[in-house]
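Accompanying notes for the structure given below.
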Amino acid sequence: MTPLAKAAAAAVRARAGPTLPTGSVASFAQTASLSTSEGSDDDDHYGVWPPNQTTVIFQRMEETCPDVLTAYAQCVTNKQNGGALTQGACEEEFRAVMGCFRSVRH
C-alpha cells in the first residue's frame with residue numbers, strides 16, 4: 001500500500017470512528033492505491049479519478065445539443081426569478097433535454 005493510500009485510510013478511520021466497516025476502509029485504500037501514480041515526477045499528483053457515466057453523458061450532451069441545455073436553463077432561471085417555478089413549468093424544454101440525453105447515452 002502506498003503512503004498516500006495508508007494516510008487516506010487512516011484519515012477515513014479517524015473521521016468515521018468505529019461505525020465504518022473495515023471492508024469499506026480497505027476498499028477505499030485499495031482504490032486510492034490503484035488510482036495514484038507511483039514513481040511520478042510530480043509529488044503533488046494524487047491520481048485522477050475517471051469521470052463517471054453521468055459526467056461522460058453530460059459532456060456529450062453539451063457537445064451535441066448545447067442549445068437545448070441553454071433553453072432549459074434559461075426557462076428555469078426565468079421561472080425562478082419570476083416566482084413561478086413549479087413542477088412542469090418548463091416541461092417542453094425538459095422533454096427536449098431528455099431527448100438529447102437519450103440520443104447521446106448509447
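Rule-based calculations on the coordinates, nothing more; no lab input. Fair warning: this is a prediction, and the values are worked out from it, not measured in the lab. With ideal geometry, Cβ positions are generated from the backbone for all residues, glycine too; neighbour counts draw on all protein chains shown.
For the pair residue 78 and residue 94, the difference between a 0.36 nm per residue extended length and the Cα-Cα distance amounts to 4.3 nm. Modelled label positions at residue 105 and residue 56, each set 7 Å beyond Cα in the direction of Cβ, lie 1.4 nm from each other.
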